[in-house]
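All of the numbers you see were taken from the coordinates with simple rules; none came from a lab. Remember, predicted model here, so these are calculated numbers, not experimental data. Every residue, glycine as well, gets a Cβ built from its backbone with ideal geometry; the counts of neighbours run over all protein chains shown.
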Amino acid sequence: MMTRRESIRVLGSISAGVWSAAAQNDSTPSLAPGVPMSPERIALVDSFREKAAGLAKDFEARVHKSAWAMPYRLYRPADTGKAPLVLYLHGSGGLGDDNQKQLGLGNIFGTHIWALPENQKRFPCYIVAPQTDRGWVRYKAPPGGGPAQAIPGFGDGARLALEIVEALCREFAIDRRRIYVMGQSMGGAGTWNMTAHRSRYFAAAVICCGSTTPDNGARSIGTPLWNFHGDADQTVPVSVSRDRIVAMRKAGGRPLYTEYAGIDHNVWQWAFTEPALVDWVFAQRRPV
């Protein structure tokens, strides 16, 4: 019987570097062939960039007024029938109030993949990308100054993002059984926070290298979840995701976890270009 260390070493040699998936015997869909930096995988990333070019113009600029004004972008499907909704929480590179950065930089992967013509043809959906200027989770400045620290509780940014979703559900024919949440880095932390405090609201969640918060994963078991992380991440240590996945599984959850060998913080480039991801997301439905 292999030790945990031996298992991790063996799994690290698998094409995508999936930590503990085989040992947990989970149902992670088949991943794209090739190691992360192989020509086959880089071709998927480059192909996505080409297809996504110019799609930002199709996202309508809006503002939600509540405790403060939260800008957001909305993509509407051509199909006017009842459709699912994807909520995307940007990383720290999207912070601000210009209503643009949450669609740019690395955020193009998590926002634009659902808007690609071939995906809209198969799975027409709404896409909403709010922008926060103060983060998604709750923060508190420590005594004596220094960086703000994440504290327990439902984040104010997450709360306003959920208000936007609720407003859109009243405005459009959105299938409440198919509302999905996802995010990267700071937005990944926001996604953990949302699934912890609204664990049966979303049909599924996709998380890329979510940063540290008091939300350890145990309270997210009501949401089907696929978490991605690079084992060479220098910004958010891979142990943050590993610990959350372990806690979620111990609590009875069955999250999917994919870890890419040699990949730093930009894991979203590989995660959102996994060919199986779109099918997996839209196959999830919240129970009645």
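By how many nm would the segment from Phe172 to Asp264 grow when fully extended, if each residue of separation counts as 0.36 nm and the alpha-carbon distance is taken off? Walk me through the intermediate numbers first.
Details: separation 92, 0.36 × 92 = 33.12 nm, distance 3.86 nm.
Stretched fully, the Phe172-Asp264 segment lengthens by 29.3 nm.
Among the lysines, select those whose C-alpha is under 20 Å from the C-alpha of Lys121, and discard any that sit fewer than 8 residues away in the same chain.
Within the straight-line limit of under 20 Å, Lys121 reaches these lysines: Lys51, Lys57, Lys82.
Using the crude model of +1 on Lys and Arg Cβ and -1 on Asp and Glu Cβ, and no other charge, please compute the dipole size for the stretch 121-269 relative to its Cα centre, in debye to 20.
On the way: 18 positive and 12 negative charges, 131 e Å.
Roughly 620 debye, rounded to the nearest 20.
Would you grab the residues whose amide H sits under 5 Å from the one on Tyr260? Only those 5+ places off in sequence or on another chain, please, with H modelled 1.01 Å from N.
His229, Gly230, Asp231
For His197, His90, what ranking results if the residue with the fewest other Cβ atoms within 10 Å of its Cβ goes first?
Numbers: His197 19, His90 28.
Sorted ascending by nearby Cβ count, the order is His197, His90.
Mind checking which aspartates and glutamates have their Cα closer than 14 Å to the Cα of Lys250? Skip sequence neighbours fewer than 8 apart in that chain.
Correct list for Lys250: Asp26.
Would you mind putting 136-143, 179-186, 220-227 in packing order, based on average other-beta-carbon counts within 10 Å, highest first?
Highest-to-lowest ranking by the protection proxy: 179-186, 220-227, 136-143.
Within 10 Å of each residue's Cβ, count the other Cβ atoms and sort Glu60, Glu259, Glu163, Glu50 from fewest upward. List each step's numbers first, then the result.
Numbers: Glu60 10, Glu259 26, Glu163 16, Glu50 7.
So the residues, fewest neighbours to most, are Glu50, Glu60, Glu163, Glu259.
Using alpha carbons only, how many angstrom separate the centre of the stretch 200-223 from the centre of the stretch 164-194?
A separation of 12 Å, based on Cα centres.
What order do you get for Trp68, Trp114 when you list them from fewest to most C-beta neighbours inside 10 Å?
Trp68, Trp114
Could you give each residue of the stretch 216-227 its phi-based ³J(HN,Hα) in whole Hz, using Karplus coefficients 6.51, -1.76, 1.60 with θ = phi - 60°, and x for Gly or Pro?
Karplus-based 3J(HN,Hα) across the stretch 216-227 equals 8, x, 5, 8, 9, 5, x, 10, x, 9, 10, 10 Hz.
So how many Å³ per residue does the convex hull of the Cα atoms of the stretch 171-288 work out to?
Working: hull volume 12.4 nm³, N = 118.
In the stretch 171-288, the Cα convex hull volume per residue is 105 Å³.
How long is the chain along each principal axis, judged by its Cα atoms, biggest number first, in Å?
56, 51, 37
Based on the alpha-carbon gyration tensor of the stretch 233-278 and its eigenvalue square roots a ≥ b ≥ c, which shape applies: rounded if a/c is under 1.5, prolate if not and a/b is larger than b/c, or oblate? Please list the in-between numbers first.
Values: a/c = 3.13, a/b = 1.27, b/c = 2.46.
Oblate shape, in that a/c is at least 1.5 and b/c is the bigger or equal ratio.
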